[in-house]
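The values are calculated or read from the model by the stated rules, or taken from the named source; none is laboratory data. Keep in mind it's a predicted model, so treat the numbers as computed, not measured. Neighbour counts are summed over all protein chains in view; Cβ atoms, including those assigned to glycine, are modelled from backbone coordinates with ideal geometry.
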Amino acid sequence: MKHIIAVLFLLLMLCSVSTPASRVVCRIPDPTKYPTVLADEKQFYVFDHSQKKAFIYNRKNGAKVAEFLKFGAGPGEIFAIHNPILTPSSIILNCYPKYVVYSKSGKLLYEKRCPIDVGNFVPVGGNFVGTSFTPKSPSEKMSEALYSLYNPGFKKIKDIYRDKFPSPIRHDGKKYHNLWYRDSSKALSYKDRVYIGATSQGFYFAVFDSEGNKLYEIKKNLPKRKVTAEEKKRILNRPKSNNQQMRYIESHTIYEFPEYYAAFEDFYIDSDKIYVFHYPQDDIYPVTIMDLKGNILKEKKIPRLQIIGPRPVFKGKAYNVWENEDTEEFEIHEIDID
C-alpha cells in the first residue's frame with residue numbers, strides 16, 4: 001500500500017511540473033540567427049537581428065511571402081532592429097532616429113524622423129509614448145528610463161513615468177561592470193492604453209490612457225527567486241566570443257549579480273491578457289497570465305524561448321525558431337501558453 005501511495009505521489013509531482021511540448025507549425029527556407037518572431041492569422045514575421053533582415057512567411061506552408069529591410073541610412077533603411085511592433089494593419093520598427101512603418105506585405109509605407117535621444121516609440125491613440133535613457137556618463141552606477149508622451153509630429157507633450165535602476169553596464173575607468181538579471185522597464189500599447197512594466201518596483205505595472213493620464217497600477221507580492229551559485233558559474237564559464245573586439249571587452253569585464261532575480265524578464269499583451277515571463281529555470285519559463293486589470297488567471301510553465309526582443313504571444317500561443325540539426329532546416333515551433 002505504501003508503495004502504491006509513493007508511486008501515485010511521484011506521478012502527481014511529475015504532472016504538476018510538466019510543460020507543454022512545442023510542435024512544428026511550418027518550415028522556413030531561410031537560415032536565421034537571433035530572431036524575433038511575430039504572428040497573426042495568416043503570416044509569421046521573422047526579424048533576423050544578425051543579418052538585419054525581415055522575412056514574411058505563410059502560416060500554412062512556410063512559403064516566403066516577402067523579404068524586406070535594408071541596412072543603411074537612406075529612405076526605408078535601418079541601422080538595427082529594435083522591438084518590432086505588429087498592428088492590425090502594419091509593421092512598425094523603431095530605428096533610431098527613425099520611426100518606420102511597413103505594410104503587412106513588407107512594403108515601405110512611410111517613415112518619420114524622431115528625437116535622436118528617444119526611442120522605442122509605441123503608438124497610443126493618435127499619440128506616441130517614447131523612452132529616453134540615462135546615464136549620459138558610462139561611469140554612473142544608476143540608470144534612468146523616462147517615458148514621455150509625444151504628439152503625431154513627435155513633439156513632447158509631457159513626461160508620464162520615471163524609472164530608476166542600477167546601470168546594466170558601466171565603466172569605472174579600468175574595467176566594465178556587467179550586471180546580470182537586473183531590473184528594467186519597458187512600455188507596450190494595447191487598445192489605446194500604455195502599460196509600463198517596471199521591476200525596480202517589484203512585480204509592477206502602471207497603466208495610462210492615450211493622453212498620458214495614469215488610470216491604475218498593478219502590483220503583486222510574488223515570491224522572490226535567488227540567483228544561485230550554479231547560475232553564476234554558468235554565466236562565468238560560458239563560451240568566449242570569437243570576435244577579437246568582443247574578446248577584449250570580455251577580458252576587461254567584471255560580471256556582477258544581484259541577490260535575487262528581477263521580478264520578471266519580459267511581458268507581452270494579447271487577447272485582453274498580460275503574459276508576464278519570469279526568468280527561465282532549467283530551460284523552463286514560468287509565466288504569469290493576468291487580465292488587463294491585473295487579476296491572475298493562471299500560472300504556466302513553458303519551454304524556454306530562443307528569441308531576441310519581445311516574447312510573442314498570439315491567441316494563447318508562443319513561438320520559437322529552431323534549427324533542426326537532422327534536416328538542417330529552420331522551423332517555427334508553436335507552444336500552447338493559455
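If you go through region 299-335 and pick out every residue that is modelled with pLDDT of 80 or more, surrounded by 14 or more Cβ atoms within 10 Å (Cβ to Cβ) and under 18 Å from LYS273 (Cα atoms), you end up with 10. I'd like the full set of residues that are within 13 Å of TYR150 (Cβ to Cβ) and of a type in the set (Val, Ile, Thr), limited to region 76-121. Answer for region 76-121, where residues must be within 13 Å of TYR150 (Cβ to Cβ) and of a type in the set (Val, Ile, Thr): just VAL118.
Counting residues in region 111-121 that are of a type in the set (Asp, Glu) and under 28 Å from GLN43 (Cα atoms) gives one or more. For region 6-43, the tally of residues that are of a type in the set (A, V, I, L, M) and at pLDDT below 80 stands at 10.
Considering every residue within region 65-81, establish whether at least one is closer than 25 Å to TYR190 by Cα and either among the β-branched types (Val, Ile, Thr) or touching a strand residue (DSSP E or B) at 6+ places or on another chain (Cβ under 6 Å) (or both). Scanning region 65-81 turns up at least one residue that is closer than 25 Å to TYR190 by Cα and either among the β-branched types (Val, Ile, Thr) or touching a strand residue (DSSP E or B) at 6+ places or on another chain (Cβ under 6 Å) (or both). Please work out if ILE249 is more than 27 Å from ALA198 (Cβ to Cβ), touching a strand residue (DSSP E or B) at 6+ places or on another chain (Cβ under 7 Å) and surrounded by 12 or more Cβ atoms within 10 Å (Cβ to Cβ). Yes.
So for region 43-50 (the condition being buried (at least 17 other Cβ atoms within 10 Å of the Cβ), under 21 Å from ARG27 (Cβ atoms) and of a type in the set (Ser, Thr, Tyr)), does at least one residue qualify? Yes, that holds for at least one residue. The residue list VAL37, VAL65, VAL124 contains one member that is buried (at least 20 other Cβ atoms within 10 Å of the Cβ) and either in contact with a Ser or Thr (Cβ under 9 Å, 6 or more places away or on another chain) or under 30 Å from ASN151 (Cβ atoms) (or both), which is VAL124.
The residue of region 160-176 that is nearest to TYR248 (Cα to Cα), among those that are buried (at least 18 other Cβ atoms within 10 Å of the Cβ) and not hydroxyl-bearing (Ser, Thr, Tyr), is ARG170. Applying the set (1) closer than 25 Å to CYS114 by Cα; (2) exposed (fewer than 14 other Cβ atoms within 10 Å of the Cβ); (3) touching a Pro at 6+ places or on another chain (Cβ under 9 Å) to LEU188 leaves exactly one unmet item: (2). Looking only at region 263-298, residues that are within 20 Å of SER167 (Cβ to Cβ) and either modelled with pLDDT under 95 or touching a Phe, Trp or Tyr at 6+ places or on another chain (Cβ under 6 Å) (or both) come to 4 in all.
Screening region 192-217 for residues that are part of a loop (DSSP other than H, G, I, E, B), surrounded by fewer than 19 Cβ atoms within 10 Å (Cβ to Cβ) and in contact (Cβ under 8 Å) with a residue 40 or more places away in the chain and picking the one that is farthest from the chain's Cα centre (by Cα) gives GLU211. Reported count of residues in region 70-81, each being outside any strand (DSSP E or B), in contact with a Cys (Cβ under 9 Å, 6 or more places away or on another chain), without any contact (Cβ under 8 Å) to a residue 40 or more places away in the chain and not aromatic (Phe, Trp, Tyr), is 1. For region 99-147, filtering for residues that are out of contact with any Gly (no Cβ under 9 Å at 6 or more places or on another chain), assigned to a strand (DSSP E or B) and among the basic types (Lys, Arg) leaves 1.
Only one of the listed residues (GLY106, GLY119) is touching a strand residue (DSSP E or B) at 6+ places or on another chain (Cβ under 7 Å), at positive phi and surrounded by 15 or more Cβ atoms within 10 Å (Cβ to Cβ). That residue is GLY106.
Taken over region 148-191, the criterion of being part of a strand (DSSP E or B), among the charged types (D, E, K, R) and over 22 Å from ILE269 (Cα atoms) is satisfied by LYS156, LYS158, ASP159, LYS164, ARG170.
Listed here are the strands (runs of 3 or more DSSP E) enclosed by region 234-316 that have at least 1 residues being farther than 30 Å from LYS42 by Cβ and in contact (Cβ under 8 Å) with a residue 40 or more places away in the chain: 253-256, 284-291, 296-303. Residue-level analysis places LYS220 among those that are modelled with pLDDT of 95 or more and under 24 Å from the mean Cα position of the chain (by Cα).
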